[in-house]
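Here, each number is a calculation from the coordinates, and none is a lab measurement. All values reported here derive from a predicted model rather than from experimental measurement. Here Cβ is always computed from backbone atoms with ideal geometry, including for glycine, and neighbour counts include all displayed protein chains.
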Amino acid sequence: MAAVETKSATNTGTTVTRRVLSFDVGIRTLSVIGWEQRCHIVDPTSKTGGVTDQQAWADLDIVYWDCIDILQDNGCRAKNAKTVPAPKCTRFIVQSLWQRRHGLFRDPPDAILIEQQPLQKSGQRVGSAKNKIIANAVLAFVESWIVTGQTPVLPHPVMFSARSKLRVQTQKFWIPTKTRRTAEEKALEATYKLRKQRGVELATQVLDLVRADVKAEWADHLFDADKQDDLSDCMLQGLFWLQSEPLIRRPKRQPRNPK
């Protein structure tokens, strides 16, 4: 992982590079972003490495950001993705990812996140079975890439809660271990449509916080897109990981030797 143990960061001046690849899955579109953050460690005894909020934002870069229409990408003329059988959608996903494999895995990430697709919550049906199949297709593709050994030290992907992306901080950078959503935040996330709108608002705020050159390169990519919500979702999901994962990990205690 990108986090540095305190034993190896005994002096200030260490630079930690963290990369995360984040996928947002839809029936028709697959959005993915590659975040990179290069942090200069100031305090190796702190989980944040003594990196200030302002510096953490300045250390961020976007190296890859794409929203793929898997039907158009594979020459399918269907107007409604719901009419396309799940096996064909799975094949399209694999083919689209294969075409982009070198860009996706050029720099090995420290984490690969795939938006979790729950089917039920409290006994109620809340998700799409096809979405879950597509998410598992992305998972299987990445795992098969790991098995072939094409990219060294590639982490196993993890399914990430869809709710996490709306917990991204924009006033600060580092997320405390325990945070509670305010009543105002809950109201903004009450429905699917409101959550999508909130995601685009947060992504817009994020682009105002990163370096000017990063915003200049990617702002039009978001604002001119047909699927701003999907691009925003994958962006925020990856950013949440960067904000919540400590830069410095304390080494685990070794078990005592039995007498």
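Going by how many other Cβ atoms sit within 10 Å of their own, how do Arg195, Arg163, Arg19 line up, fewest first? Could the numbers behind the result be given before it?
Numbers: Arg195 17, Arg163 12, Arg19 21.
Neighbour counts put them in this order, fewest first: Arg163, Arg195, Arg19.
So what are the radius of gyration and Dmax for the Cα set of segment 4-249, in Å?
18.4, 59
Enumerate the amide H contacts of Leu60 below 5 Å, restricted to partners 5 or more residues apart or on another chain; note that Pro and chain-start residues carry no placed amide H.
Excluding prolines and chain starts, which carry no amide H, the hits are Arg211.
Specify which residue in the list Val84, Thr48, Leu202 is farthest towards the positive end of the charge dipole of segment 4-249, using unit charges on the beta carbon of Lys, Arg (+1) and Asp, Glu (-1), about the Cα centre.
It is Val84, whose Cα lies furthest towards the positive end.
In debye to the nearest 20, how big a dipole does segment 4-249 give about its Cα centre with +1 on each Lys and Arg Cβ and -1 on each Asp and Glu Cβ? Walk me through the numbers before you get to the answer.
Working: 34 positive and 28 negative charges, 235 e Å.
Dipole of segment 4-249, to the nearest 20 debye: 1120 debye.
Can you sort Phe92, Phe223 by how many other beta carbons sit within 10 Å, fewest first?
Details: Phe92 25, Phe223 13.
With the fewest neighbours first, Phe92, Phe223 line up as Phe223, Phe92.
Cut-off is 10 Å between beta-carbons; in what order do Met235, Met159 appear when sorted fewest neighbours first? Please list the in-between numbers first.
Details: Met235 27, Met159 16.
Ascending number of Cβ neighbours within 10 Å: Met159, Met235.
Rounded to the nearest 5, what % of DSSP beta bridges with both residues in segment 4-249 are antiparallel?
On the way: 22 of 31 bridges.
That works out to approximately 70 percent antiparallel.
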